[in-house]
Every structure is written in C-alpha cells, then in structure tokens.
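J.: Before we start, here is the structure in question, set down as structure tokens.
Here, each number is a calculation from the coordinates, and none is a lab measurement. Just so we're clear, the structure is a prediction, and the values are computed from it rather than from any experiment. Cβ atoms come from the backbone with ideal geometry, glycine included; neighbour counts cover every protein chain shown.
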Amino acid sequence: MSDRAFYVTTPIYYISGNPHIGHAFTSVAADVLARYHRTKGRAFFLTGTDEHGQKVAQAAEAAGQTPKAFTDGLVGRWKDLCAAFDVRYDDFIRTTEPRHMEQVVAVFERLKETGDIYLGKYEGWYCTNDETFWLESKLIDGRCPNPECRRDVQWLSEENWFFALSKYRDRLLAYFREHPRFLRPERAYNEMLVTIEAGLDDLCISRTNIDWGIALPGGGTIYVWVDALLNYITALDWQHDGERFKTFWPANVQIIGKEIARFHTIIWPAMLWALGLPAPELVFAHGWITVEGEKMSKSKGNVVDPFAVIETFGADTIRYFLLREAPFGSDFSFGEEKVRLRRNGDLGNDLGNLVKRSLAMLTKYRDGIVPAASLPSTIGPRFTTLGDTVGARIAELDFRGALEAIWELVAALNVTIEERKPWDLHKRDERDALDLVLYDLCEGIRWLAHLIAPFMPTTARGIWTQFGFEGEPHGDWSTELVWGKLAAGTQTVPAEGALFPRIDATVAIA
Ligand code: MSP
C-alpha cells in the first residue's frame, strides 16, 4: 500500500432499512483502517446513506410523508449508529444532498458527450424490489432470481439511457488479470472474473417509472445504483477537481459486503474509466453475519439490534468481537454467548486484569511511579517487529490476524507476571529485578494502548489516561513503539474500576 493520503469508504446504507449489526460491522472495519492510517498521515473516511429509489418512495408514502421529509427523519439513526460504535468518519454523504445530485447530472452530461451514455430502447423484466432489470433467461419460475427477493417481476418497455458497459469488458478482464489483488478475498475475485469472462451487456441507467431519484435533463431519473456509486467521488468534489479529490482519489480501500461486488468491481471501474479516472486500489468484499448460521431477517425475528448489544457490552467489546471472530472475508454467526466468552476471556481476564494487576503492583511497590530499569529487558527484544506485523495485517484487512498478534504481547506480559512473581522479588528485596519487571509491564501496556487504539478507541484512551497522558494514543508506530520510550518517573493514575467488568448471562427468572 502506498504512503500517500489514505481514502477508505463503506457502502452507503439504504436509508429506509433498519440499522443492524451487519451495517455496524462494515463501518467498524472501515473505522479501524482509518484510525490506523491516521497514525501514519492523512486519512479520509467516507460513509453515508443511499436515499433514492422506489422502495424509499413507497415507504414514505406509507408513512404519509414526502420522501424528502421521510429521509430527513431517518438519517439521524444512521449517524447515531456511527456514534454508538465510535465510528469516526470524516464525511457523511447523503445522495439527496445538492452537492451530490449536481455532480451526478454532470457525470451524465459528460458521458453523453463522450458517447459512453446513449439513448436506446429497453424491453425487459424489472424487479421493483431490487431495482434491477433481469434477462428472461435469468428468471426463476418467472420471478426475480435474487435468492433474497424472489418477488414477481414486471415487463417494461421504454426508451432509456444506456451505459456502454460492454465496451469495457476487455479492459476489465485485463485489469482483473493484471491486478489479482484488486478484489479480495480470492473467492469474490474468482466469481467476478467468471462473470466478466461470460460477457457484459450495456447497462440501462435511466428510469421513467420512478420519480424519487435524480432527475435527468430531458426526463426520467437516474438508476439508483449509478447515483449511489458516484457518492465515492462526489463527496470528494470530483466535478471541480477539488482539493479532496486531488488528494484522495483513487480510494485505497472500498469495503463492501459480498453481495454488492458486481456493482463495485464491474460497473464502478467501468464508470470511472469512462470519466478518465483510475479504479480504486482494493475492493474488499467482507462476509455476512448470520445468527445461529441463519440469515438475519425481519420475518424470522432474528435481527440483531446494534444499539441493544452496545447497551449490554459497550462498543469496544462488540468492535473487538466483530473483527476477532472470523477472517474478514468469511461469514460468521453472531451470538451473545460467544460475545460474552470473548468479553470475559480475551478482554476481561487477559487484557483488563493485566492492566489492573500491573498498575496495582506498581502502586504498591513503587508508589505508582514507573521505575528506571537498569537491567536489559527480556520482553522488548521479542517484540521489536510487532508494530510492523500488526500494521501490515491491518493494511491487508486481516483484522483477526492483527488482533492475534497483539494478544501475543498480552499473553507474554501475563506470563511474565506468573514467572517472575513481582511479589517474591519484593519480599526478597531484589530491587533491580523488580524494577525491570515493573518497567516491562508498563512499557508493554503502553504499547498495547497504541496497538489496540484502532480497534478499541475507548479502552485505549482508558489505558492512556492511567499513565497520566493527555488525549489518546497517537503518532506513528515506528517511532512510538520503541521499547524503552516510556519515561522512568512517569506517575501513573490507576483507575478505580476494571477496563472490562465481567458480564454474566442474565438468568431468566421463571
Ligand atoms: N445501498 C446499497 C449500497 C450502495 S453503495 C454504492 C446497499 N445498502 S445496504 O444497506 O443494503 O447494505 C450496506 C452494507 O451492509 C453492505 O455492504 C452489506 O453487505 C452490509 N450488510 C447488510 N447485511 C449484512 C449482514 N447480515 N452481515 C454483514 N454485512 C451485511 O447495499
């Protein structure tokens, strides 16, 4: 990954959906990347809401509101979701904002001029729910082939604008072959490669039957997916070649769920090339969160409410769980029992107790003041490359691998306490040995504050302030994670409570 300014995006969320744990998952992952890259330099993190389309118009009508008033009323809960999960975005774009809508029309005009958008006749089957045209051969029993949908489709016949996607097929094929890491994980890459190889049709990009969308000059509205995809550049002020655009495009990482890979890795690069712009460096299609192995759905009543789980566990525990539980490209199942195990084990016993015990011993034996170590560290030399390892894994979106590497340091510090028994050293008045173990523990914990900061910002801050430091851990790991940087004489201020108080299962009372 290059050293220039870093740009990461999430998909923009369908505003009328209910925020659930899957949405929080996408945003948390992007937040971890952004927080990590901010330690190294400039980073820009974009998220937002996808607000046009038939479904929103219908929901607004059902609620007796205009679509505009309806979406204005809904956007708050998507911002609340970010706030609840400590997701610190740099910009939140709504597709109903003038800054976005104007630029979408400008894209349309530009591509009409170049011939990449042309007028043609469309006849075919249309699924209102998915807002997608389907070939007859793709329908299943005459219904929408999307396994999540399977609703009736309508026959539409109209003059429409088309995007010349087929023209970009060879370039896409070459691009995929030359950039095997453009789309991760490999499964998604292979799937898209096969789709491109099979051939691509031009894409119908205007709608005459949908009013709630960006109006096109001459009538009709623009296909909601084209509208939505463009958010990634309109937020940067593409049209005026703004400072943000010059600094941050192409995006370094675009995080998406696996079901929207076709839009992001076939249609999107082709649109960008048509505009003379480069494709993003990496699109990562993460896995799906299920509940007991089943897809979350309203009808099954198994949708995990992200606000409720935060209420029980706090943001950091859920952030940790989401990224520790499975490789980022894989599906995994969400369950409170599993969260509790991680909470009480990895977080409470391993990390929380380590901090608590270490600072308590420092208070008891050295009045809470970090001693100078006159003996050489036994732990430091084992971890000299840890910052590089964790950084490289985060940059690869191997969040689980990054956390595992961090927990090797947690484990080593816990083992140190058990093996070197500071209480015995104190009893035997082995001052130098006790100074060393106390210094190693404090220095290791300072390192941990830096390393966990992208994942668990509140906990990192909680550790930081116990060292009497201002704000939160910051700075490039290559200069901060140098064993011995913690100044002897630092006065610690141990917190009253535990970082991760134990959470037991609530026992249902019959
Ligand atoms: N609006 C489109 C994206 C347009 S981007 C130009 C959309 N919105 S969505 O609200 O349906 O989904 C947004 C993201 O949430 C997707 O990346 C999707 O994969 C993710 N998730 C939705 N449900 C999910 C799970 N159950 N598990 C994990 N993530 C999933 O698609």
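J.: Normalised by the residues of the chain, what does the relative contact order come to in percent, with Cα pairs under 8 Å and at least six apart? Write down the numbers at each step before the final one.
T.: On the way: 794 pairs, mean separation 77.7, N = 510.
Relative contact order here is 15 percent.
J.: Turning to a different aspect of this structure: Counting C-alpha atoms alone, how compact is the chain: give Rg to one decimal and Dmax as a whole number, in angstrom.
T.: When restricted to Cα atoms, the chain yields Rg and Dmax of 26.1, 90 Å.
J.: Run the paramagnetic zone check for GLU408: 7 angstrom along Cα to Cβ, then residues of region 464-491 with backbone nitrogen under 20 Å.
T.: 477-484
J.: Here is a follow-up. Span-like helices, the chain: DSSP H, alpha-carbon axial extent 15 Å or more, mean Kyte-Doolittle -1.0 or greater, which ones? Could the numbers behind the result be given before it?
T.: Details: long enough: 21-38 (25 Å, 0.26); 67-84 (26 Å, -0.04); 98-114 (24 Å, -0.56); 186-197 (16 Å, -0.36); 353-366 (19 Å, -0.27); 399-420 (32 Å, 0.47); 431-452 (31 Å, 0.60).
Going by DSSP H runs, the hits are 21-38, 67-84, 98-114, 186-197, 353-366, 399-420, 431-452.
J.: Here's another thing I want to ask about it. Counting DSSP beta bridges with both partners in region 193-340, what percentage is antiparallel, nearest 5?
T.: Values: 5 of 13 bridges.
Among the beta bridges of region 193-340, antiparallel pairing accounts for roughly 40 percent.
J.: Same structure, new question: Could you please state, rounded to a whole Å, how far the C-alpha centre of region 36-111 is from the C-alpha centre of region 264-331?
T.: Between the Cα centres of region 36-111 and region 264-331 lies a distance of 17 Å.
J.: Let me ask something else about it. Can you tell me how much longer the chain between LEU139 and ARG177 gets when fully stretched, taken as 0.36 nm per residue apart minus their C-alpha distance, in nm with one decimal? Don't jump to the answer; show the numbers that get you there.
T.: Working: separation 38, 0.36 × 38 = 13.68 nm, distance 3.03 nm.
Value of the extension gain: 10.6 nm.
J.: A follow-up question, please. Could you check the simple spin-label distance between SER166 and THR490, using points 7 Å along Cα→Cβ, in nm with one decimal?
T.: Once both label points are built, they end up 6.5 nm from each other.
J.: What distance in nm separates the simple spin-label points at ARG461 and ASP476, each placed 7 Å from Cα in the Cβ direction?
T.: The two pseudo-label positions are separated by 2.6 nm.
J.: Return the distance in nm (one decimal) between the two label points of a simple spin-label model at ASP432 and ARG187, each offset 7 Å from Cα along Cα→Cβ.
T.: 5.6
J.: Provide the gained length on full extension for the span GLN65 to ASN146, in nm with one decimal, where the gain is 0.36 nm per separating residue minus the Cα-Cα distance. Can you show the working numbers first?
T.: On the way: separation 81, 0.36 × 81 = 29.16 nm, distance 2.98 nm.
That pair, GLN65 and ASN146, stretches by 26.2 nm at full extension.
J.: Please report the antiparallel percentage of DSSP beta bridges with both residues in the chain, rounded to the nearest 5.
T.: Values: 23 of 45 bridges.
Rounded to the nearest five, the antiparallel share is 50 percent.
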